[in-house]
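Asker: Here you go, one structure.
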Protein chains: 2
Amino acid sequence: MMSKALTLCRTFTVGSGALIVTLGIVASLSVGSARADAARDAALLEQASGLFEPIPPEPPQLPGNPLTVEKIELGKMLFFEPRLSASWFLSCNSCHNMATGGVDLQPTSIGHGWHRGGRNAPTVLNSVFNFAQFWDGRAKDLMEQAQGPVQAAVEMNSKPADVVATLNAIPEYGRRFAAVFPDEKDAVNFQNMARAIEAYEATLITPNARFDKFLRGDKAALTDREKAGLGLFMEKGCAACHNGINLGGNSYQPFGVVEKPGAEILPQGDPGRYQVTKTASDEYVFKVPTLRNITLTPPYFHSGTVWDLEQAVAVMGRSQLGAALDDREIAAITDFLDSLIGEMPRTELPVLPAIGTGGPAPHLQPVFQGLRPQN
Amino acid sequence: MMSKALTLCRTFTVGSGALIVTLGIVASLSVGSARADAARDAALLEQASGLFEPIPPEPPQLPGNPLTVEKIELGKMLFFEPRLSASWFLSCNSCHNMATGGVDLQPTSIGHGWHRGGRNAPTVLNSVFNFAQFWDGRAKDLMEQAQGPVQAAVEMNSKPADVVATLNAIPEYGRRFAAVFPDEKDAVNFQNMARAIEAYEATLITPNARFDKFLRGDKAALTDREKAGLGLFMEKGCAACHNGINLGGNSYQPFGVVEKPGAEILPQGDPGRYQVTKTASDEYVFKVPTLRNITLTPPYFHSGTVWDLEQAVAVMGRSQLGAALDDREIAAITDFLDSLIGEMPRTELPVLPAIGTGGPAPHLQPVFQGLRPQN
């Protein structure tokens, strides 16, 4: 390339030769650089395609829980239904807020009585693509997961029997459960509540991130810095764990492979997957979280202790890879992570039906009475 | 009428005369009854038209706060924005939930630290038509109202300076405030936050209730029972206070005009508008609440102590009118109140923008640490 360009330039050395030679070199470098860029992009794409997968445009089918329009709508109502909680104040959406990336922007979630749970709320977005649910993978799917927070004392603090009694006192739910589960005599039950919520949550996917467009072959979908970040993300080893469709969500890994972070980030009291398996090798092992839409979902880690994404990247480099990433590398990787923001689901709030006369009321304890009227 | 019908029948007395006479009388009664019904409906409509007004199809204009698409959208974002609260967990929508009739289905609202305020959250729906805001009318409009709960210790517990610092740390808000308030140098301020929220809230109206269709002349929009209930509502005196566009929201009245309810419904510690005016005659005086969509917004009264709408009607009859309404009257009035459910605003959840690097984090106190991990 270079020699050809120089040859071309030489034919114009008469007159304003110096300028022409200069321009020729620039042009040749640019042509050469464009070809080099194209080759580099192709190699980057090829490498990325072996590690990652774009989010599909449509929700996946769920084994044993076929998606229907009516089931998804019922599930959406239940997802936003505060009357599933003992207080009638908290819904799934309280901690998996569809307005804020499917999380609550809290270190660990606030629940019943303003108690906090022990771990950061994972995003509901794209959670259907995780191979298991919760940070320790103790639920095999979203249907199993959905039953946990409704009952957890520091979350919604309810009981299946109370949930069913409340739903049965709301005539429209009776009609809707019967329509969605027509073969069942008592369609309003806790399992079906979870089944409908799972169906709705399966639709909460964020396709067409710029990274996905890149994976589909649109090499201009990422900026040069983002491409550099993607290259580093694979080269440095981040992609060893953060891979697949969710860039995570498909393996368990010890937090602190190389170097254990301090207790402020990795609290001693939470041994992770060990609580599920009681196996020594699972101590401080957690499900690798998805990095999709990660820019929108601070704070980071199961402890929710790091608010800054660049800091989180640095911590990961040190603790998982033994790599002291420099500021430029951290910035490039963080830029790449921005490209994982996909199209958010359009969420029209349901209008929840009125409870019938004589139905139950919320459990009002605990209550900390206010000092003076506020409304 | 009757005589004309009988005359007509007489001309057919030959043959199956008895049957024809019978049918004729039934028909004449029916025609007579239909005319009587029409006359009664017309009188009912005339009386109602003098007392009530339908919700208009479009939001009203706000003095000094012109509605624009961009301002309404910004206001919606802020209405759903948990980062306006100290905890980043509570938004306007937490207590004025657009999924549940613009209220929280709580006796009194749960706020920061799970404290409860002193009064039941009034619905945000149609609140733009109220002549003042809060139960004691201490805010003259929604812009003034919106600034209260953000700062109230037992609600969102924030400070204007913290709110502004947070909004300024979210670059998209800077752009949006500047676009909505182009003539201001520091467009991101607490007043403009309230201005935008007011603009959004002004759109939260519920037109085309069946009662409104009746008011517009569609006499078939109400059932006979609802018409009977409307008749009683006016005849018994309910409409003396619950009138106008919101069937309330346009006057202050003592709770217990005729007979003071017990302290379980009218707590002694809350003297109502007296707190605003310090005038003896304002003791236990409250703004008359709207009855629009009342079926959707239990529990009732400023104390939120009555869950059943029929019971609330009975209490009102006794305490405000000195009337012991019988079960049939209470049921008819409650049926009429059902006809006040209008078309709910379609609410697409906003996608709230990410906070920039180095921005503030929520205030995490008070925290009641959970016993074990939940996510």
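The values are calculated or read from the model by the stated rules, or taken from the named source; none is laboratory data. Worth saying up front: this structure is predicted, and the values here are computed from it rather than measured. Methodologically, a virtual Cβ is constructed for each residue, glycine included, from the backbone with ideal geometry; neighbour enumeration extends over all protein chains shown. Protein only, heavy atoms only, side chains kept; ligands, DNA and RNA dropped before computing areas. Shrake-Rupley method; radii C 1.70, N 1.55, O 1.52, S 1.80 Å.
Asker: If you fit an axis through the alpha-carbon atoms of helix B:17-49 and take the longest principal axis of the Cα set of chain B, what angle between them do you get, 0 to 90°, nearest 10?
Answerer: Tilt of helix B:17-49: around 30 degrees.
Asker: Can you spot the lysines whose alpha carbon is less than 21 Å from A:Lys213's alpha carbon? Ignore those fewer than 8 places along the same chain.
Answerer: Counting by Cα, and skipping residues close in sequence, A:Lys213 has these lysines nearby: A:Lys227.
Asker: Which value, in Å² and to the nearest 10, is the accessible area of A:Phe134 when all protein chains are kept and the probe is 1.4 Å?
Answerer: Counting only protein heavy atoms, A:Phe134 exposes about 20 Å² to solvent.
Asker: May I ask which residue of chain A has the beta-carbon nearest to the axis carrying chain A onto chain B, and at what distance in whole Å?
Answerer: Axis-proximal residue of A, distance in whole Å: A:Trp114, 2.
Asker: Between A:Asp218 and A:Leu364, what is the label-to-label distance in nm when each label sits 7 Å out along the Cα-to-Cβ direction?
Answerer: Going from the A:Asp218 label point to the A:Leu364 one covers 5.5 nm.
Asker: Using Cα positions and a limit of under 21 Å, work out the lysines in reach of B:Lys278, with same-chain residues fewer than 8 apart set aside.
Answerer: Qualifying lysines at Cα under 21 Å: B:Lys140, B:Lys260, B:Lys287.
Asker: Further question on the same structure: What is the sum of charges around B:Phe214, taking Lys and Arg as +1, Asp and Glu as -1, for the other residues whose C-beta is under 11 Å from the C-beta of B:Phe214?
Answerer: +1
Asker: May I have the pair-distance distribution P(r) for chain B, computed from all Cα-Cα distances with 10 Å bins from 0 and rounded to whole percent?
Answerer: Percent of Cα pairs in each bin: 5, 20, 26, 21, 13, 7, 4, 3, 1, 0.
Asker: So what are the three principal axis dimensions of the protein assembly as shown from its Cα atoms, in whole Å, longest to shortest?
Answerer: 119, 61, 60
Asker: For labels at B:Arg40 and A:Arg40 in the simple 7 Å Cα→Cβ model, what's the distance in nm?
Answerer: Going by the 7 Å Cα→Cβ label model, 8.6 nm.
Asker: Contact order normalised by length for chain A, with contacts defined as Cα pairs under 8 Å and 6 or more residues apart; what percent is it?
Answerer: Computed over chain A, the figure is 21 percent.
Asker: At a probe size of 1.4 Å, how large is the accessible area of A:Tyr284, to the nearest 10 Å²?
Answerer: Answer for A:Tyr284: close to 30 Å² accessible.
Asker: What FRET efficiency, computed as 1/(1 + (r/R0)^6) with R0 = 22 Å and r the Cβ-Cβ distance, is obtained for B:Ser49 and B:Glu235, rounded to the nearest 0.05?
Answerer: 0.90
Asker: Still on this model: Using a 7 Å offset from Cα along the direction of the beta-carbon, what are the separations from A:Pro171 to the same position in each other copy, nm, ascending?
Answerer: 5.3
Asker: Here's another thing I want to ask about it. I need the inter-copy label distances for A:Asp326: point set 7 Å along Cα to C-beta, values in nm with one decimal, smallest first.
Answerer: 9.2
Asker: Order the following by accessible area, largest value first: A:Lys260, A:Lys236. Probe radius 1.4 Å; ligands, DNA and RNA are ignored.
Answerer: The ordering from most to least exposed comes out as A:Lys260, A:Lys236.
Asker: Averaging over every viewing direction, what projected area does the convex hull of the Cα atoms of region B:69-203 cover, in nm²?
Answerer: 7.7 nm²
Asker: Taking the label point 7 Å from Cα in the Cβ direction, how far apart in nm is A:Gln365 from each other copy of itself, listed shortest first?
Answerer: Label-point distances to the other copies, shortest first: 2.8 nm.
Asker: Mean residue ellipticity at 222 nm from the helices of the protein assembly as shown, using -39,500 (n - 2.57) per DSSP H segment of n ≥ 4 over the full residue count, to the nearest 500 deg cm²/dmol?
Answerer: One gets -11500 deg cm²/dmol as the mean residue ellipticity at 222 nm.
Asker: Here is a follow-up. For region B:146-207, run through the trypsin sites (Lys or Arg not before Pro) and keep only the ones in DSSP coil with at most 13 other Cβ atoms within 10 Å of their Cβ.
Answerer: Taking region B:146-207 and a limit of 13 other Cβ atoms within 10 Å, the loop trypsin sites (Lys or Arg not before Pro) found are B:Lys185.
Asker: Now, a different point. Note down the accessible area of A:Thr279, probe 1.4 Å, to the nearest 10 Å².
Answerer: Counting only protein heavy atoms, A:Thr279 exposes about 60 Å² to solvent.
Asker: Among rounded, prolate and oblate, which fits region B:198-246 when a ≥ b ≥ c are the square roots of the eigenvalues of its C-alpha gyration tensor, a/c under 1.5 means rounded, and a/b larger than b/c means prolate?
Answerer: oblate
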